[in-house]
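What follows draws every value from the coordinates through simple rules; no lab data is involved. Just so it is clear, the model here is predicted, and its values are computed rather than measured. Here Cβ is always computed from backbone atoms with ideal geometry, including for glycine, and neighbour counts include all displayed protein chains.
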Amino acid sequence: MQLKRIGLAVSSAALALWFVGCGPDDGTPPTGCAACATNEICHPVEKVCVRTCSAGADCPDSAKDCGTLVGVGVDGGTTKVCRCATDQLCKGGSLGSSAVCSVESKVCVVACSTDAACGTGRKCENGQCKTAATTCSPACAGTQVCDTSASPPACVNKCGQGTCGTGKVCNFATGVCEAPKACVSTNPQPDACTYGQFCSGTSCSEVAKAACSGFTGSTHGISWGPGKNGAVIHNVLKESYTVASGFCSGAPGPNRYKAKIEAYDPAGGFPAGSCTNPGAAAGAPESSMRAKLHLVDPQGNEVTSGAGDIQCVNTTNGGKNTVFYVNFCSTSTSGYTAALHFVDGNEVCSTISAN
């Protein structure tokens, strides 16, 4: 079979929709055929000129089979074209040593080297442009999910916090590791990032996995991951440290460590509050927030007697974003490692210094 990229235009009305330019060989997606000879049409998928025929005798040695158009997206009508059988025969045609026989369309084409050379919805695999699969076959079962970014799509174990490799983040919604999306950190969190991530600078990052005695090596453990939907704490900052504070009279210790907490809740479940004074006395919003937030001591025990330990709740974005302050009492004068989480939210560890 002979494939041409130049020639005379065909005037047949039945084939008029195919007469568009042949794609270049520079790695850009094919856009059509520049012009095909009178005995050729532009293949609707491969975008190369192919010879029409009524019998194999009408075809060149490179593509000796005369048959109907085949391939994904081709209607398989009555039009017959010269079809190929092997890569080797195609190499003897006009395309030379770079030609391959398309496994999908059965016509000679130039071997691809990038996905871009194949156009939308197709991928380049071993020099062949193939329709990109969108599902895994057989279907994934159990704890696995279909990673459609792989070529071909493959079943992989659901990712969790900290399980993706370098340059990847876990998408809790799909259970698949993905490249970080671009985002704007000045927008309300998590901006363009998915649940379980937050916008750090200009790209999405996973929230840090808890690593302190309150959660690891204790009876509490870590349970947050795909399938959870609680509020996400994405930032813990030191606010202040006070020795022998009257706020912390009695157990568990006289020294007061105060942290600023920043969190988001996709469900918009944070209590309304508009406090701007970190030292303001606790009120109804703080009591409501305390019902959602769990504080954990270094031994992994939930701290339940914390009346007044949350101050100054400021909620924005329809209850989806909040900033508030938490007080921790301790005997330590060298720093305190705070451990906390919302119900069904991420476990967080953050050390508040004493200087």
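Within the stretch 172-229, report the trypsin sites (Lys or Arg not before Pro) that DSSP leaves as loop and that have at most 11 other Cβ atoms within 10 Å.
none
Can you list the aspartates and glutamates whose alpha carbon sits under 14 Å from that of Lys209, skipping same-chain ones fewer than 8 residues off?
Here the aspartates and glutamates satisfying the reach criterion relative to Lys209 are Glu347.
Quick check for me: using +1 on Lys/Arg Cβ and -1 on Asp/Glu Cβ, what's the dipole size of the chain about its Cα centre, in debye to the nearest 20?
Dipole magnitude for the chain comes out near 180 debye.
What is the distance, in nm, between label points placed 7 Å from the Cα along the Cα-to-Cβ direction at Asp87 and at Lys181?
Distance between label points: 3.9 nm.
Across 20 Å bins from 0, what is the distribution of all Cα-Cα pair distances for the chain, in whole percents?
Final binned percentages: 24, 33, 21, 18, 4, 0.
If r is the Cβ-Cβ distance from Ser249 to Ser334 and R0 is 22 Å, what FRET efficiency results, to the nearest 0.05?
My answer for the efficiency is 0.60.
What is the sum of charges, Lys and Arg at +1 and Asp and Glu at -1, for the other residues whose Cβ falls under 14 Å from the Cβ of Thr219?
Net of charged neighbours comes to -3.
So how much slack lies between Ala116 and Ala291, counting 0.36 nm per residue of separation and subtracting their Cα-Cα distance, in nm?
57.7 nm
Using the number of other C-beta atoms within 10 angstrom as an exposure proxy, rank His294, His341 with the fewest first.
His294, His341
Give Lys80/Lys123; Lys123/Lys168; Lys106/Lys168; Lys130/Lys158; Lys158/Lys238 a once-over and call out the pairs whose C-alpha atoms are over 32 Å from each other.
Pairs exceeding 32 Å: Lys106/Lys168; Lys158/Lys238.
Which FRET efficiency value, to the nearest 0.05, do you get for Ser149 and Ser213 by plugging their Cβ-Cβ distance into 1/(1 + (r/R0)^6) with R0 = 35 Å?
Efficiency, from the Cβ-Cβ distance: 0.40.
Could you tell me the center-to-center distance, by alpha carbons, between the stretch 76-142 and the stretch 225-260 in angstrom?
The two parts, judged by their Cα centres, are 60 Å apart.
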